1. Need one number: nm distance between label points at Arg169 and Ala491, each 7 Å from Cα along Cα→Cβ, rounded to one decimal.
2. Estimate the FRET efficiency between Arg220 and Thr588 by the formula 1/(1 + (r/R0)^6), using the beta-carbon distance for r and 60 Å for R0, to the nearest 0.05.
3. Where the eigenvalues come from the Cα gyration tensor of region 105-173, what are the semi-axes √(5λ) of the equivalent ellipsoid, largest first, in whole Å?
4. Hey, with R₀ at 45 Å, roughly what FRET efficiency would Glu69 and Ala194 work out to, going by the Cβ-Cβ distance, to 0.05?
5. Any idea how far apart Glu541 and Ala47 come out in nm if each label point goes 7 Å out from Cα toward Cβ?
6. Give me the distance in nm between label points sitting 7 Å out from Cα along the Cα-to-Cβ direction at Ala35 and Ser613, one decimal.
7. Would you kindly calculate the mean projected area, averaged across all directions, of the convex hull enclosing the Cα atoms of region 35-155, in square nanometres?
8. Students often check this: by mean Cβ neighbours within 10 Å, which of 55-63, 218-226, 205-213 ranks highest, and how do the rest follow?
Amino acid sequence: MPLTALITRPEEDARPLAEALASRGVVVVIEPLLAIRVLPEAAGDLAKDLAGVQALLFTSANGARAFAELSPRREIGVLAVGDATATAARELGFGVVESAGGDVQALARLAKQRLKPAGGPLFHAAGSAVAGDLAGTLAAEGFELRRRMLYESTTATSLSPETVAALRRGRVDLVLLFSPRTAATFAELAKAAAIETAPLTALCLSPAVAKAVEDLPWRRVEVAEKPDLPSLLALVDRVAAADPPTAIPAAETKAAPLGAPPPELVPATPLPTLVPAPRRSAASVFLAGLIGAVIAAAAVVALMRFAPEKIGLAPAGTPAPAATPDLAPRIADLAARLDAQQKAIDSLPKSAPDLGDLPAKVAALQQKVAALPAPGATPPAAIPAEIKALPQQMAALDPRLGSLDQRLGALEQKLAALPQGGAAAADLAPLRAELGSLKEALKSDEAALGDLAAVKQEVAKLEAAASGARSAATTAGLVLGVTELRARIAAGEPFAAEVDALSKLAAGDPAMAAALAEPLAALKPLASGPPIPGFAQLRAEFPAMAEAVTHADAAGALPANASFWDRVVGRLESLVTVRPVAEGGQVTGNSNLDRLARAEATLGSGDLPGAVSELSGLTGPAKDAAASWLARAQARFQTDAAAKRLSAALLAAFAKDGAPQ
C-alpha cells in the first residue's frame, strides 16, 4: 500500500507540496501547525520603508505574499531565501527575482555578491517570528536593513481529531517538518496527545529542524541535502524506495479506513516548480501522447480500411484499397527520433540567465536622482533687497545726471562771458562755489554708480545659480524618466506617457533634444502599438508556437499530388510532434525544424535577438505559423535596443557637457 505523509506547513504552502507528493503515489494528510494573517495596518509604514530601497529580501513565501497584498511595488529587485520563495515571488508579478537556494546565511551571501552598501538600504518582509540573524550579518558588511513585520504566524494549540486518530492507528508513515518552529510545535502537541512516534519517520528540511524534535523517539530522522523543496522531495523518494510502509491489520483497516485523502486535502492546482525536472515531466507527457497516438493509429487504420471518407481522407463512395501497408517501420522511426528528443530535452538549460547586479545599479541610480533638487526649487541664495530696488535706483539716477549736465553747461556759459583781461575775485567767487557744488554732486553720483556695479555683479551670480538649479532639475527629470521608462519596458507595461514626458523635458535644451531625438523617435511608434510582452512571457509562449510551426512544416512538406497512403502517414505523423532539439545549439541544417531547434536553444540561453534571427529564416506555412510570435519578439528586442540607445545617449550628453544647459 502507498506511503502516507503528514504535512505540517500552512495550508497555502501545503497544497502545492501535496500535489507533488500525490504525483508520486503518496497519500497526504495536511495538518497546518501555523496560521498566517497579513497585517493591513503595516501598509502605511511600508510605503515609507521602501523609499530609496535597492532590493527586497524575502525569507519565506508568506513574506512575499504579504508584501504583494500590502504594496503595488513590483519593480524592485528581489533576493529570495530559496527556490520555492523565488517561485512565489515570480508568480506574484515581481520582474527580477534571484534565489539564494539555501538559508538566511545563503541569502546574506547572495546580497553581498549582488549588491553594494552604497546602493541604498535593503528591505526585509518579516513575520512575527524571525529565524537567523539576517540584520546582524548584513550590518557587518555595511548594509542598512529595514525590517517591517507584514504578517503574523500563530502556532496551533492542538492536533485535529482526524490527525490524532490517523497517528494512533499507525496510518501515517512520514512526518514532513519545515521549520524549527513548526517542528517544536509538533513535538509539543504529539506529547500532549500521547502520540507514539516510534513507528514514524521524520523528514526534516534542515539540521535545525531535526534538532527541534530530537527528544522524540523516532523510527528514523532524515535531513534533506539542501533546505529546499526539491531536496525534500528527493528525500521522500529515497525513503520510499528504502523503507516501504508497514502493512495495517485487516480488522483495523475495516474499522477505520483512511482511504484516499479527502478532496479538500488534495490540491487541484498543479505547481510544476515543485517538480525537480519540469522538462522531463513535459517529455513524459509527450511519451504518453505518443502511446495514445499509436493506439489511435490502429483505429484510424481500421477506418481507412473500411470507411476512409469518415476521417476526410477520401470522398464518400471512394472504394478502399485492397490492402493496408505496414506502418510499423514508420512508427519505429518516430520512436527513435523521440528518444533522441528526450536526451536533448534533458540537456537544455533549467534556469533563466543571471541578471547580475543590474537591479542594484538601477536602485543606486534612483537614489542619486532622488537627491537632486526638484524642479522649481528656490535658488540657493535669497535675493537681497538692494537688488530688488535696482530698477528704481537706475530710474532715479538718470534725471540726476541730466540735472548735473545742465548745471555744468550753465557754468561753462558764465565762464565764457567773463572779461578777456581777467575778472575780479568777487566775480569768480560764485563760479568757484558752483564748481565745488558740481564736484560734490558728481562724487555722489559716482558712488551710486559704483554701488550699482556691485549690484549688477550680484545679479549675475544669482542668475548663474538659478540657471544651475534649472539644469539640475532637468538632469533629475531626464534620469528619472529614462529609469522609469526602462522599468516599464522590462515589465511589459505601457510606456507612451514616459516617452512623451522625456521628449517635452529634453525640448528645453537644444543639445539634449538632438542627442535623444533618434532613440525617442524609435520608441514612439512602439509605445503607441500593441502591448509588448516581456522576455519571460515570450519564452513561455515558445513551445505552443514551436508545435504549430512543426505541424505546419509537416503539412507543407506533403506535395499536392501525394498518394492516398502518403496523406495517411502524413496525418498520423501530425498526431505526434517530433522535431530536433539543439544540444548546445549544435544543429547545423537549414530546414525549418533545424532553425526552430536552434532558436529554442538560443532563447533558452537568454538571447532573444538570436532566436528571432533564426526564425526569420523560416519558409512556407512554417513561417506563417511563427509570424505572430516573431512579430512580438521583434518588437520586444527593438524596444530593448532603443531603450539602451536612449540611456547611452543621455550618458554621452552628460559626459560631454557636464549637464544640460
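Quick note: the coordinates plus some simple rules give every number you see, no bench work behind them. Source: prediction; values computed, not measured. Cβ atoms come from the backbone with ideal geometry, glycine included; neighbour counts cover every protein chain shown.
1. 5.2 nm
2. 0.70
3. That gives 40, 14, 8 Å for the three semi-axes.
4. Efficiency computed from Cβ-Cβ geometry: 0.70.
5. About 3.4 nm, to one decimal.
6. Between Ala35 and Ser613, the simple spin-label model gives 5.9 nm.
7. So the mean shadow area of the Cα hull is 6.6 nm².
8. Details: 55-63: 25.2, 218-226: 16.6, 205-213: 19.9.
Sorting 55-63, 218-226, 205-213 by mean packing, highest first, produces 55-63, 205-213, 218-226.
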